[in-house]
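Below you'll find the structure, written out as structure tokens, and then a few comments.
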Amino acid sequence: MRVSTAMMSETILWNVTRNAARLDRVADQISSGRQISRPSDDPVGTANVLQLDSTRARIQQHLRNMNDARSWIDATDQALSSINASIQRAREITLAAANGTLAPENRDAIATELQRILESAIGAANTRLNGRYIFAGQKTDTPAFGGPPNAPVYQGDSGPIVRVIDVGVTATINVTGDTAILPTLNALAQAHAAVVANDPNAMRAAIDALDNAHTALLTAQARAGAIGSQLEEQASRLEALDLSVARLRSQIQDVDLAKALSDYSTLQTVYQASLAAGSRSILPSLFDYLA
């Protein structure tokens, strides 16, 4: 009788303990919102979650790189657009001065405006983004252009600014001022000097220089636009991939609350039933033993 009672008690206790553990686990899932609270809950699922977390971390780093790159491209486009507007205005007024029908005071006004245009263009050429000079190549801590306005000097280098935008994929995001902007500044300085000298031939030569510089400027803008399009497409692809990875991770890690609540109710009933069955089985046997 003693052995039978002990065996029965152990079996009942095992069932009660198992049901309590299952109930506690579901309760933990409901409170935490996660199916996996510790690696032992699901070793394979834990490994998959860690792998997905690593994938998301890489994707999000690439997205941060692209956000920085897109800000750079936006700043580049705005600066080049400003310089483009300046060069068109400079051509217009230099052509007017070259006609030779202007009064001296009008020609002086054109020279003054050309000087302002040149200084404004130099300001745009020395645009900074978060403290970095965007047209100075890799010498981002140095103003791209220095020297007197009428004899601008490029102080940067021709080095690329590169961002990693995916595994094995990079994008060069900068336009260097030596090829894209210096011809414009030189042409503006040339136009100003020609108007000050009242030299029609020099003005016409300056207009040709402005046209050539405008072409170089448009080429730089087109390149920046192409880079921007590449970044937009890549960002859209990675954002979609990040969403897919997040959903897959959620399927593994996050608890289905409706199912968990239903399971909890069922397990609670089973647990209560096991307690009741145990009390009905153990107590009579105990009384028999004591008798």
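Using the structure shown, decide if residue 171 is assigned by TED's automatic domain parsing to the domain that holds residue 242 and farther than 25 Å from residue 61 by Cα.
Here the answer is no, as residue 171 does not meet what is asked.
Among the listed residues 165, 173, identify the single one that is in contact (Cβ under 8 Å) with a residue 40 or more places away in the chain, touching a His at 6+ places or on another chain (Cβ under 8 Å) and within 26 Å of residue 64 (Cα to Cα).
From the options 165, 173, the qualifying one is 165.
For region 125-162, what are the residues that are closer than 22 Å to residue 65 by Cβ and assigned to a strand (DSSP E or B)?
Of everything in region 125-162, those that are closer than 22 Å to residue 65 by Cβ and assigned to a strand (DSSP E or B) turn out to be 128, 129, 132, 133, 162.
Take the residues in region 191-232 that are buried (at least 17 other Cβ atoms within 10 Å of the Cβ) and among the polar types (S, T, N, Q), then tell me which one is nearest to residue 92 (Cα to Cα).
So, considering only residues that are buried (at least 17 other Cβ atoms within 10 Å of the Cβ) and among the polar types (S, T, N, Q), the one nearest to residue 92 (Cα to Cα) is 221.
Can you find, within region 56-76, the residue that is nearest to the chain's Cα centre (by Cα) among those that are surrounded by 15 or more Cβ atoms within 10 Å (Cβ to Cβ) and polar (S, T, N, Q)?
65
Conditions tested, residue by residue: (1) in contact with a strand residue (DSSP E or B) (Cβ under 7 Å, 6 or more places away or on another chain); (2) surrounded by fewer than 19 Cβ atoms within 10 Å (Cβ to Cβ); (3) among the polar types (S, T, N, Q); (4) outside the structural domain of residue 187 (by TED's automatic domain parsing).
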position	(1), (2), (3), (4)
85	no, yes, no, no
95	no, yes, no, no
98	no, no, no, no
118	no, no, no, no
131	no, yes, no, no
158	no, yes, yes, no
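Spot the failing condition for residue 174; the list is (1) assigned to a loop (DSSP other than H, G, I, E, B); (2) surrounded by fewer than 22 Cβ atoms within 10 Å (Cβ to Cβ), and only one is missed.
Of the numbered conditions (1) assigned to a loop (DSSP other than H, G, I, E, B); (2) surrounded by fewer than 22 Cβ atoms within 10 Å (Cβ to Cβ), the odd one out for residue 174 is (2).
Would you mind finding the one in 170, 184 that is within 36 Å of the chain's Cα centre (by Cα) and within 30 Å of residue 106 (Cα to Cα)?
Sole residue among the options that is within 36 Å of the chain's Cα centre (by Cα) and within 30 Å of residue 106 (Cα to Cα): 184.
The values are calculated or read from the model by the stated rules, or taken from the named source; none is laboratory data. Computed from a predicted structure; not experimentally measured. A quick note on method: Cβ atoms are made from the backbone with ideal geometry, for glycine too, and the neighbour counts reach across all protein chains shown.
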